[in-house]
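Asks: Quick one: the structure is below, questions incoming.
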Amino acid sequence: MKPLVILVTSISAYGHTNACAGATRPFLARGHRVIMLLEESYKGSFSPYGFEECIYRRPGPPALLDNQSGQFWTKALTEYNILGPASPEEKLLNFARLYSNKLYQAEFVQFNDAIAAALEMYKPDLVWVDSLTTPPAVYYSGIHWVKNVSVTPIFFEIEDDLVPGGTGK
């Protein structure tokens, strides 16, 4: 079997990037080429483990970025009161406020553009996606993709006796 080229994309936060690295590292051991698309503050974090890094720059003011990995989501989840004692309904409304924020929208567009550029550059055989939503660049690429939701596997289950994924209960 010829080695595959696998592009890994995820939400720019430690839990997601680390989950992707752990899930895709066995591909490296089998001789496949694994490229992680990473926001620039992660530069050098995954290459020591054998991953190639494709780096993109996140939009936004330097004060928000602080050049620290995952800082965008840490600040966003805190500022929008998504973490902590709020009720599930309040958290859901706060998520809606976050997603309608212009900076978040710019972040998503930039991320999608970075994915499109990486798809063109590397021409992967497979895309590994860790995100609640599948970016349009992946969805419409015609390339096989695997959906990974490291935030909670319950997002994949729709059952009457389970709470919906993401409610916080």
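Asks: Given the residues ASN94, ASN81, which is the only one that is at positive phi, over 18 Å from the mean Cα position of the chain (by Cα) and modelled with pLDDT of 80 or more?
Replies: On the way: ASN94 fails: at positive phi.
On inspection, the qualifying residue turns out to be ASN81.
Asks: When you go through (1) modelled with pLDDT of 80 or more; (2) exposed (fewer than 13 other Cβ atoms within 10 Å of the Cβ); (3) of a type outside the set (Asp, Glu) one by one for ILE143, which number turns out not to apply?
Replies: Condition not satisfied by ILE143: (2).
Asks: Taking VAL163 as meeting all but one of (1) β-branched (Val, Ile, Thr); (2) modelled with pLDDT under 80; (3) in contact with a Ser or Thr (Cβ under 6 Å, 6 or more places away or on another chain), write down the number of the exception.
Replies: (3)
Asks: Hey, could you check the range 85-140 for residues that are under 28 Å from GLY22 (Cβ atoms) and in contact with a Pro (Cβ under 6 Å, 6 or more places away or on another chain) and say which is least open to solvent (accessible area, probe 1.4 Å)?
Replies: ILE115
Asks: Out of the residues in the range 1-33 that are touching a residue at least 40 places away in the same chain (Cβ under 8 Å) and part of a strand (DSSP E or B), which is surrounded by the fewest Cβ atoms within 10 Å (Cβ to Cβ)?
Replies: So, considering only residues that are touching a residue at least 40 places away in the same chain (Cβ under 8 Å) and part of a strand (DSSP E or B), the one surrounded by the fewest Cβ atoms within 10 Å (Cβ to Cβ) is VAL5.
Asks: Let me ask something additional. Residues of the range 75-95 being over 19 Å from SER12 (Cα atoms) and either part of a helix (DSSP H, G or I) or touching a strand residue (DSSP E or B) at 6+ places or on another chain (Cβ under 8 Å) (or both), which ones?
Replies: Hits for the range 75-95 are PRO88, GLU89, GLU90, LYS91, LEU92, LEU93, ASN94.
Asks: Would you mind finding the one in TYR99, TYR122 that is of a type outside the set (Lys, Arg) and modelled with pLDDT of 80 or more?
Replies: Numbers: TYR99 fails: modelled with pLDDT of 80 or more.
Testing whether each residue is of a type outside the set (Lys, Arg) and modelled with pLDDT of 80 or more leaves just TYR122.
The values are calculated or read from the model by the stated rules, or taken from the named source; none is laboratory data. Note that the structure is a prediction, hence the values are computed from the model and not measured. Glycine also receives a Cβ, built like all others from the backbone with ideal geometry; neighbour counts cover every protein chain displayed. Accessible surface is based on the protein model in full, side chains and every heavy atom, while ligands, DNA and RNA are left aside. Shrake-Rupley method; radii C 1.70, N 1.55, O 1.52, S 1.80 Å.
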